[in-house]
Amino acid sequence: MISVVIPTEGHERPVVATLAALVPGAAAGMVREVVLVDRSDGETIARVADVAGCNFLKFEGSRPAALAAGAKQTRSSWLMFLHAGAVLDSSWIDETAQFIQSVAMSGRERAGVFRYARSPYADARVSHGVRLLSNFIAGPSADQGLLIAREHYERLGGYVPTSRRAEAKLLSKMGRTGRALLRTRIFVAA
């Protein structure tokens, strides 16, 4: 049903944490494929992809170019972009299915962004409060993940490989009415 694209920088631990949160979705038939797009020189992520049954793409270039290349490798009609280290709350499977169904029934193009949450194990800092205020004023950030229909993604122009802040620009192209803030929390590694 959905293809997940995760850009990586060669560090195993955050990738494994993100993949672990996706396992129930794969078991439920929600996740069709996962593409790990690695921009590092090492082979660590290739081994992780092999063990986890993910597709692997070695990539040299900018992060937006890696995201665009990962999206081109996928086959599903829905795309989910997650940063390595982002862990979805367990409710993501049901809510994702409901969101996809509601978008299909409404005929209106919308994308979903997950609700930012501080990890319960992270130190409480002022930066967390600043982050919440920033999200309230400016809207969601790219590390909150993105759930979008492939056709909508392509109509918006996707991630422009040569653009600075391509992830933020794609979110702003949707506008506030073109995206939904989902109830599912996403714990973002600092």
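General observations
- Residue that is under 19 Å from Tyr159 (Cβ atoms) and in contact (Cβ under 8 Å) with a residue 24 or more places away in the chain, where the choices are Val4, Val31: Val4
- Filtered residues of the range 72-83 (kept if over 15 Å from Tyr116 (Cα atoms) and either touching an Asp or Glu at 6+ places or on another chain (Cβ under 9 Å) or of a type in the set (Phe, Trp, Tyr) (or both)): Gln73, Thr74, Arg75, Ser76, Ser77, Trp78
- Qualifying residue in the range 30-41 (condition: more than 19 Å from the chain's Cα centre (by Cα) and farther than 27 Å from Thr162 by Cβ): no
- On the stretch given as the range 144-190, residues that are basic (Lys, Arg) and part of a strand (DSSP E or B) total 3.
- Some residue of the range 115-131 being part of a strand (DSSP E or B), modelled with pLDDT of 95 or more and not basic (Lys, Arg): no
- Residue match in the range 71-79 (condition: in contact with a His (Cβ under 9 Å, 6 or more places away or on another chain) and not hydrophobic (A, V, I, L, M, F, W, C)): no
- Residue check, Arg75 of a type in the set (D, E, K, R), closer than 30 Å to Arg164 by Cα and in contact (Cβ under 8 Å) with a residue 60 or more places away in the chain: yes
- Annotation: Met174 fulfils all but one of (1) crowded, with 19+ Cβ neighbours inside 10 Å; (2) in contact with a Phe, Trp or Tyr (Cβ under 7 Å, 6 or more places away or on another chain); the unmet one is (2).
- Subset of the range 86-114 [surrounded by fewer than 20 Cβ atoms within 10 Å (Cβ to Cβ) and outside any helix (DSSP H, G or I)]: Asp89, Ser90, Ser91, Gly107, Arg108, Glu109, Arg110
- Test: Thr44 is polar (S, T, N, Q) and under 14 Å from Phe81 (Cβ atoms): no
- Identity of the residue in the range 57-71, out of contact with any strand residue (DSSP E or B) (no Cβ under 8 Å at 6 or more places or on another chain) and outside any helix (DSSP H, G or I), that ends up nearest to Ala46 (Cα to Cα): Glu60
- Some residue of the range 144-157 being at pLDDT below 90 and of a type in the set (Asp, Glu): no
- Options Ala27, Ala21, Ala46; residue that is touching an Asp or Glu at 6+ places or on another chain (Cβ under 9 Å) and either under 23 Å from Phe99 (Cβ atoms) or at pLDDT below 95 (or both): Ala21
- Long-range neighbours under 8 Å by Cβ, at least six apart or interchain, first residue free of Cβ contacts under 8 Å to residues at least 40 places away in the same chain within the range 146-170, second surrounded by fewer than 15 Cβ atoms within 10 Å (Cβ to Cβ) and among the small types (Gly, Ala, Ser): Leu170/Gly157
- Meets criteria (surrounded by fewer than 20 Cβ atoms within 10 Å (Cβ to Cβ), farther than 22 Å from Leu147 by Cα and modelled with pLDDT of 95 or more) for Val16: no
The values are calculated or read from the model by the stated rules, or taken from the named source; none is laboratory data. These figures come from a predicted structure and were not determined experimentally. Quick reminder, even Gly has a Cβ in these numbers, built from the backbone with ideal geometry, and neighbours come from all protein chains shown.
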